[in-house]
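Colleague: Got a structure for you, written out below as structure tokens; questions coming shortly.
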């Protein structure tokens, strides 16, 4: 179910009764699917709903050209098995979503371990008493996928393949 605004999540779940996953998901690729599957399995075994928070367009645009607007990314995630609720992040930081949802578990990919979580998110996680569950998925970069696809297209277009 798509929830259009983060505060409305409280109409559907109680604080401290959900698993939270998050990301930009632009473009949605098989690394994201693995991540969501792992988060959904964690939610299922914990008997909790899975909430997926989706980063705003502004966040994506700072990293690469926007391929899919927020509404489209939310709709694709909502179609995935095991996803109970999809919400927009209120800002580029996940902090507001953490404080609003108060998840029992925050699911993060192990790629975040390398550079660490933002301090405000770590503080919010501690405030709500959530546990971080690390999901080991092969590190796949959306930017690298886009770059590779662009150059394959360019090579074909100019006849280098």
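The values are calculated or read from the model by the stated rules, or taken from the named source; none is laboratory data. Treat the numbers as computed from the prediction; the structure is a model and nothing was measured. In this analysis, Cβ positions are derived from the backbone assuming ideal geometry, glycine residues included, and neighbour counts consider all displayed protein chains.
Colleague: Tally time: how many residues in segment 40-65 are in contact with a helix residue (DSSP H, G or I) (Cβ under 8 Å, 6 or more places away or on another chain), surrounded by 16 or more Cβ atoms within 10 Å (Cβ to Cβ) and over 24 Å from residue 123 (Cβ atoms)?
Modeller: Adding up the residues that qualify gives 2.
Colleague: While we're on this one: Residue under question is residue 72, and the condition is that it be over 12 Å from the mean Cα position of the chain (by Cα), at positive phi and not in a strand (DSSP E or B); does it hold?
Modeller: It is false that residue 72 is over 12 Å from the mean Cα position of the chain (by Cα), at positive phi and not in a strand (DSSP E or B).
Colleague: Follow-up question, since we're still on this one. When you scan segment 99-125, how many residues do you find that are modelled with pLDDT of 90 or more, part of a helix (DSSP H, G or I) and surrounded by 15 or more Cβ atoms within 10 Å (Cβ to Cβ)?
Modeller: 6
Colleague: Looking at segment 2-53 only, could you name the residues that are part of a loop (DSSP other than H, G, I, E, B) and in contact with a strand residue (DSSP E or B) (Cβ under 8 Å, 6 or more places away or on another chain)?
Modeller: The answer is 3, 4, 5, 12, 13, 18, 24, 25, 48, 49.
Colleague: Which number in (1) out of contact with any strand residue (DSSP E or B) (no Cβ under 9 Å at 6 or more places or on another chain); (2) touching a residue at least 60 places away in the same chain (Cβ under 8 Å); (3) more than 23 Å from residue 16 (Cβ to Cβ) marks the one condition that residue 137 misses?
Modeller: So the condition that residue 137 fails would be (1).
Colleague: Any idea which of (1) under 23 Å from residue 125 (Cβ atoms); (2) surrounded by 19 or more Cβ atoms within 10 Å (Cβ to Cβ); (3) at pLDDT 95 or above is the one residue 32 doesn't satisfy?
Modeller: That leaves (3) as the condition not met.
Colleague: Scan segment 79-96 for residues that are closer than 21 Å to residue 47 by Cβ and in contact with a strand residue (DSSP E or B) (Cβ under 7 Å, 6 or more places away or on another chain) and jot them down.
Modeller: If the condition is that a residue be closer than 21 Å to residue 47 by Cβ and in contact with a strand residue (DSSP E or B) (Cβ under 7 Å, 6 or more places away or on another chain), then 82, 83, 84, 85, 86, 87 are the ones that fit.
Colleague: Please go through segment 82-98 and pick out each residue that is farther than 18 Å from residue 109 by Cα, in contact with a helix residue (DSSP H, G or I) (Cβ under 7 Å, 6 or more places away or on another chain) and surrounded by fewer than 22 Cβ atoms within 10 Å (Cβ to Cβ).
Modeller: The answer is 85, 88, 90, 96.
Colleague: Here is a further query. When you go through (1) farther than 20 Å from residue 110 by Cβ; (2) at pLDDT 95 or above one by one for residue 66, which number turns out not to apply?
Modeller: (2)
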